[in-house]
Amino acid sequence: MKIVVIGGTGLIGSKLVKKLREHGQEVVAASPSSGVNSLTGEGLADALKGASVAVDVTNSPSWEDAAVLKFFETSTRNLLNYEGAAAVGHHVALSVVGTERLIESGFFRAKLVQENLIKASSISYSIVRATQFFEFVKNIADFSTEGNKVRLPPALFQPMAADDVASAIRRIALSSPVNDTVEIGGPERFRLDELIRRDLAALKDPREVVSDPHARYFGIAVSERTLLPKDGAPLGETRFEDWLSHATKQLPHLQPA
Ligand SMILES: NC(=O)c1ccc[n+]([C@@H]2O[C@H](COP(=O)([O-])OP(=O)(O)OC[C@H]3O[C@@H](n4cnc5c(N)ncnc54)[C@H](OP(=O)(O)O)[C@@H]3O)[C@@H](O)[C@H]2O)c1
C-alpha cells in the first residue's frame, strides 16, 4: 500500500513516515523540499499516483489570519482535487481538539475551514483531532510572556507527546476511513498554568508563571474544559514528566559540567 504523507518532514510527519516505513509500508514523504507543494499544487499529481492513502500533516508557515486561512483552504482544496483525480481511497488529516471552541483565533477558523472542506468532499476520510503536543508547551509560554511574566489561565489541559500523535495517525491511516472525527489526548490532566510552570522550571527558564483566570490562551478566552478531548477519547501512553526528563537530557546547557 502506498501512503503519501504531506508535511512528511515536519514534527509529526517525520515521526509518522518512520513508523509507517518500520511497518513495511511504501511511503512518500512529501513537502516543498522534495518538490511537493500543497499550496501551489506542484508535484501533487506525481506524488499521489497509485496512492491508497494521503495523510495531511502540513502546517502553515505563517499564522497571520489571512495567510493561515489561505494556506489551509487552498492546500486542502488542492489535495482533495488531486486525490480525487488519483482515486486515493482515504484522506487523513490532523486537526486540533476544541477547534470549534477556539475560533476567536484566525488559526482555528482556518482549521475549521480545512475540516469542513474534507467533510464536504466525496473522498472517504478520517479527521484526527489531537490535544497540544508536549513539544508545543514552551510556545504557549512564549506567546503569553510580557517582560518576565507568563500570564495563563488555570484551564484544564491534557497535552500529549508528538510520538503518540504519530502512532495514533499511523493506526488510523492503516485502517478503514471512519468518515468522522476522532479525538485523541494525553494520559494526564493538568492545569495549564501549572504545567507551563513545571516546563519552564525544568528548562531553568527564569520566567514567572502567573495564574490569572482572565488570561487568554493564544489570545482566546477559554473556560475550564475548552481544551479537553471528549470523554472516552483514546489516550497516548507517554507521561509528561518522562517526556520532559528525556527532552532536558538532550539539552547540553542543562547538564552538570
Ligand atoms: N502544535 C500542536 O500542539 C498541535 C496540536 C494538534 C494538532 N496540530 C496540527 O498538527 C499539524 C502538524 O503540525 P507540526 O507541528 O507537525 O507541523 P510542522 O512541524 O510545522 O511541519 C509542517 C510541515 O508542513 C510542510 N509544509 C509547509 N508548507 C507546505 C506546502 N506548501 N506544501 C506541502 N507541505 C508544506 C512542512 O514542510 P517543510 O519542512 O518543507 O517546510 C512540514 O513538513 C498542524 O496542522 C497543526 O494544526 C498541532
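Please treat every number below as a calculation from the coordinates, not as lab data. As the structure is a prediction and not an experimental result, all values here were calculated from the model. Heads up, the Cβs are rebuilt from the backbone with ideal geometry, glycines too, and the neighbour counts pull from every protein chain shown.
Annotation for segment 79-95: no member residue is within 24 Å of residue 178 (Cβ to Cβ), within 13 Å of the chain's Cα centre (by Cα) and charged (D, E, K, R).
Residues of segment 13-71 that are among the acidic types (Asp, Glu) and within 9 Å of the ligand (Cβ to nearest atom): 42, 56. Residues that are free of Cβ contacts under 8 Å to residues at least 60 places away in the same chain and among the aliphatic types (A, V, I, L, M) within segment 89-106 comprise 93, 96, 103, listed in sequence order.
One line per residue, one yes/no per condition, for (1) on the phi > 0 side of the Ramachandran plot; (2) of a type outside the set (Lys, Arg); (3) in contact with a strand residue (DSSP E or B) (Cβ under 6 Å, 6 or more places away or on another chain):
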| site | (1), (2), (3) |
| --- | --- |
| 70 | no, no, no |
| 84 | no, yes, no |
| 94 | no, yes, yes |
| 133 | no, yes, no |
| 138 | no, no, no |
| 157 | no, yes, yes |
| 165 | no, yes, yes |
| 170 | no, no, no |
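I'd like the full set of residues that are polar (S, T, N, Q) and within 11 Å of the ligand (Cβ to nearest atom), limited to segment 72-97.
Within segment 72-97, 74, 75, 76, 78, 95 meet the criteria.
Filtering segment 40-56 to residues that are more than 18 Å from residue 114 (Cβ to Cβ) and among the charged types (D, E, K, R) leaves 42, 46, 49. Taken across segment 178-201, residues that are within 19 Å of residue 90 (Cα to Cα), away from the ligand (no atom under 14 Å from the Cβ) and touching a strand residue (DSSP E or B) at 6+ places or on another chain (Cβ under 7 Å) do occur, with at least one present.
Condition test on residue 110, is it within 11 Å of the ligand (Cβ to nearest atom), crowded, with 18+ Cβ neighbours inside 10 Å, touching a residue at least 24 places away in the same chain (Cβ under 8 Å) and not β-branched (Val, Ile, Thr)?
On the way: within 11 Å of the ligand (Cβ to nearest atom): yes; crowded, with 18+ Cβ neighbours inside 10 Å: yes; touching a residue at least 24 places away in the same chain (Cβ under 8 Å): yes; not β-branched (Val, Ile, Thr): yes.
The answer is yes for residue 110.
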